[in-house]
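What follows is a single structure, written as structure tokens, with notes after it.
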Amino acid sequence: MRKLFLLLTLFAVGSLSAQGNGDYVNMTFVKTTPGEDYGTILNEKWKELAQMRADEGTITGWDVWWRPGSTDKSDWNMLIVTIAQSPDSLNANAGVLKMRPDYSEMDVEIFQEKNIKARTIVWDNVLVNKGLNFAGNQGETPTAPQVAVINMMKVGYANAYDYEKAENSLNSADLGSRVGWALLKRLDNAGEDVYYDYMTVDFYEDWKSMMQTREATGKIPRELQAVSNMRTHQQSIPLWLAIQVRPKE
């Protein structure tokens, strides 16, 4: 009987962990400096480096998301997302000299000073994928649509296992107006003082479908109520895709 219980337990854990695709995600929350045109630096320099890293297999994706409605008083206005199959790969094979091997030491110093002046890194978080639902997806890093909504959740250690299982069950079938969904667990920091320890991401084809979903008011299904009881929904933030890099076929 004890062996049977152990097998059932291992099967349950395996089924739960298999819900995600195992990708590791680095999220860099950035506040850009007015007048310094950080967007040009991203498009003309860092995008090229990201494409090199993706094509050689170091990372599986790199996205830049803009936060609509942000102002000079917002704590951050841009989110840079790096995706890899190993946490060691998130920062591997990077650096100015990789994308510009002909740069002198002075060139590197000038570029780094310009880059630092153009933005402030507000937070830099590492997460792992624990749930993924995209039509036709076979576990690879999906191509993101135009709009995403990140939902920061505070769950805590005691509810973590049941929460992951419930979120995956709730979002494993038809997604309605959403074209994709993901569940991420935060790895870099944990504890009572951490603002969020899980994040869900809802993907939409366009801004209209996202806003119409927010506009609708209806009775909350029992399954969603059960999930809501396991976590505190800290914040929901819409984002607009500005740059996307995936490995070239």
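How many residues does segment 71-91 contain that are touching a strand residue (DSSP E or B) at 6+ places or on another chain (Cβ under 8 Å) and part of a loop (DSSP other than H, G, I, E, B)? If you could, list the steps in order and put the result at the bottom.
Taking segment 71-91 first, the residues touching a strand residue (DSSP E or B) at 6+ places or on another chain (Cβ under 8 Å) are 74-87, 89-91.
This time we only want the ones that are part of a loop (DSSP other than H, G, I, E, B), so: 74-77, 85-86, 90-91.
Counting residues in segment 71-91 that are touching a strand residue (DSSP E or B) at 6+ places or on another chain (Cβ under 8 Å) and part of a loop (DSSP other than H, G, I, E, B) gives 8.
Name the pairs whose Cβ atoms lie under 6 Å apart, with the first residue in segment 200-220 and touching a residue at least 12 places away in the same chain (Cβ under 8 Å), the second of a type in the set (S, T, N, Q) and surrounded by 12 or more Cβ atoms within 10 Å (Cβ to Cβ), and 6 or more positions between them or separate chains?
T200/N151; D206/Q146; S209/S177; T213/S177
Which of the numbered conditions does N93 fail, given that it passes all the others? Conditions: (1) surrounded by 13 or more Cβ atoms within 10 Å (Cβ to Cβ); (2) modelled with pLDDT of 95 or more.
The number of the failed condition is (2).
Among the residues of segment 31-59, what is the count of those that are of a type in the set (V, I, T), farther than 20 Å from L97 by Cβ and outside any helix (DSSP H, G or I)? Outline the logic, then answer.
First pass over segment 31-59, keeping only residues of a type in the set (V, I, T): 32-33, 40-41, 58-59.
Within this subset, residues satisfying the condition of being farther than 20 Å from L97 by Cβ are 32-33, 40.
With outside any helix (DSSP H, G or I) added as a condition, the list becomes 32-33.
Qualifying residue count, segment 31-59: 2.
Please determine, by comparing only the residues of segment 228-249 that are outside any strand (DSSP E or B) and over 16 Å from Y196 (Cα atoms), which one is modelled with the lowest pLDDT.
That would be E249.
Evaluate the following for K154: is it over 17 Å from R246 (Cα atoms), in contact (Cβ under 8 Å) with a residue 60 or more places away in the chain and either crowded, with 18+ Cβ neighbours inside 10 Å or among the small types (G, A, S) (or both)?
Working: over 17 Å from R246 (Cα atoms): yes; in contact (Cβ under 8 Å) with a residue 60 or more places away in the chain: yes; either crowded, with 18+ Cβ neighbours inside 10 Å or among the small types (G, A, S) (or both): no.
Judged against the criteria, K154 is not a match.
Regarding S86, is this residue farther than 25 Å from P34 by Cβ, exposed (fewer than 13 other Cβ atoms within 10 Å of the Cβ) and hydroxyl-bearing (S, T, Y)?
Details: farther than 25 Å from P34 by Cβ: yes; exposed (fewer than 13 other Cβ atoms within 10 Å of the Cβ): yes; hydroxyl-bearing (S, T, Y): yes.
Against the criterion (farther than 25 Å from P34 by Cβ, exposed (fewer than 13 other Cβ atoms within 10 Å of the Cβ) and hydroxyl-bearing (S, T, Y)), S86 qualifies.
Quick check on segment 193-227: of everything there that is assigned to a loop (DSSP other than H, G, I, E, B) and within 22 Å of the chain's Cα centre (by Cα), which residue is surrounded by the most Cβ atoms within 10 Å (Cβ to Cβ)? Write out each step before concluding.
To start, the set of residues in segment 193-227 that are assigned to a loop (DSSP other than H, G, I, E, B) comprises 193-197, 205-206, 216-221.
Okay, now just the ones that are also within 22 Å of the chain's Cα centre (by Cα), so 193-197, 205-206.
Working: D193: 6, V194: 13, Y195: 11, Y196: 21, D197: 23, E205: 14, D206: 12.
Residue satisfying both the conditions and the ranking: D197.
Restricting to segment 108-138, give me the number of residues that are acidic (D, E) and either at pLDDT below 95 or more than 22 Å from R53 (Cβ to Cβ) (or both). Break it down stepwise before answering.
First pass over segment 108-138, keeping only residues acidic (D, E): 109, 113, 124.
Imposing the further condition that a residue be either at pLDDT below 95 or more than 22 Å from R53 (Cβ to Cβ) (or both) reduces the set to 109, 113.
Total satisfying the criteria: 2.
Would you please list the contacts, defined by Cβ atoms under 9 Å and residues six or more apart or on different chains, that run from a residue in segment 42-58 that is more than 18 Å from V30 (Cα to Cα) to a residue that is among the basic types (K, R) and in a helix (DSSP H, G or I)?
Once the first residue is more than 18 Å from V30 (Cα to Cα) and sits in segment 42-58, its partners that are among the basic types (K, R) and in a helix (DSSP H, G or I) give L49/K98; M52/K98; R53/K98.
When you go through (1) part of a loop (DSSP other than H, G, I, E, B); (2) free of Cβ contacts under 8 Å to residues at least 60 places away in the same chain one by one for P145, which number turns out not to apply?
It is condition (2) that P145 fails.
From the residues in segment 101-151 that are more than 18 Å from M78 (Cα to Cα) and aromatic (F, W, Y), which one is surrounded by the most Cβ atoms within 10 Å (Cβ to Cβ)? Quick ask: steps written out before the conclusion?
Just the residues of segment 101-151 that are more than 18 Å from M78 (Cα to Cα), to begin with: 101-113, 128-143.
Applying the additional criterion that residues be aromatic (F, W, Y) yields 103, 111, 134.
Details: Y103: 14, F111: 16, F134: 21.
Top of the filtered list is F134.
Out of segment 126-180, which residues are under 23 Å from S86 (Cα atoms) and of a type in the set (S, T, N, Q)?
N129, N133, N137, Q138, T141, T143, N168
Going residue by residue through segment 50-69, is there one that turns out to be within 19 Å of L239 (Cβ to Cβ), at pLDDT below 95 and of a type outside the set (A, V, I, L, M)? If you could, list the steps in order and put the result at the bottom.
To start, the set of residues in segment 50-69 that are within 19 Å of L239 (Cβ to Cβ) comprises 50, 61-69.
Okay, now just the ones that are also at pLDDT below 95, so 69.
Now narrow it down to the ones that are of a type outside the set (A, V, I, L, M): 69.
The answer is yes, given that some residue of segment 50-69 is within 19 Å of L239 (Cβ to Cβ), at pLDDT below 95 and of a type outside the set (A, V, I, L, M).
The values are calculated or read from the model by the stated rules, or taken from the named source; none is laboratory data. Keep in mind the model is a prediction, meaning the values are calculated, not measured. Neighbour counts are summed over all protein chains in view; Cβ atoms, including those assigned to glycine, are modelled from backbone coordinates with ideal geometry.
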